[in-house]
Amino acid sequence: YKGGLEITMTNEEIREAIKREQVKIQEILLTSNNTFELNPDILKHKKAIDELRAQCTHLNPNHEIQTFNSHCIYCGKHMG
């Protein structure tokens, strides 16, 4: 939501945004020196991923739910 207009992302854009969030989490983990402390930045990135998944329609261009191993091919949500 930006300036009174709702901004919708395509499923492809959602997939790329989730990948960027996952890379940020991996970077934090790599620099954490295996301290296993709860890092608020990781929680922030996981929340962003959850919000992106909530926007995903899970539909391919033919308007069919597209999964691989029971997970959405775009956002990774488990689809049962």
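Over the Cα atoms of the chain, how large are the radius of gyration and the largest Cα-Cα distance (Dmax), in Å?
14.8, 46
Want the number for Ala48 to His63: 0.36 nm per residue separation, take away the alpha-carbon distance, what's left?
Roughly 2.9 nm would be gained on extension.
For the range 3-80, with the dipole built from +1 on Lys and Arg beta-carbon atoms and -1 on Asp and Glu ones, taken about the Cα centre, which of Phe68, Asn34, Gln22 lies farthest toward the positive end?
Asn34
Given charges of +1 on the Cβ of Lys and Arg and -1 on the Cβ of Asp and Glu, with all other atoms neutral, how large is the dipole of the chain about its Cα centre, in debye to the nearest 20?
80 debye
Show that you can apply the helix-only estimate: for the chain, add -39,500 (n - 2.57) for every DSSP H stretch of four or more residues, divide by all residues, and state [θ] at 222 nm to the nearest 500.
-15500 deg cm²/dmol
Readers should treat all values here as calculations from the given coordinates under stated rules, not as data from a laboratory. In this text, all values refer to a predicted model and were calculated from it rather than measured experimentally. Because the Cβ atoms are built from the backbone with ideal geometry, glycine has one as well, and the counts that use them run over all protein chains shown.
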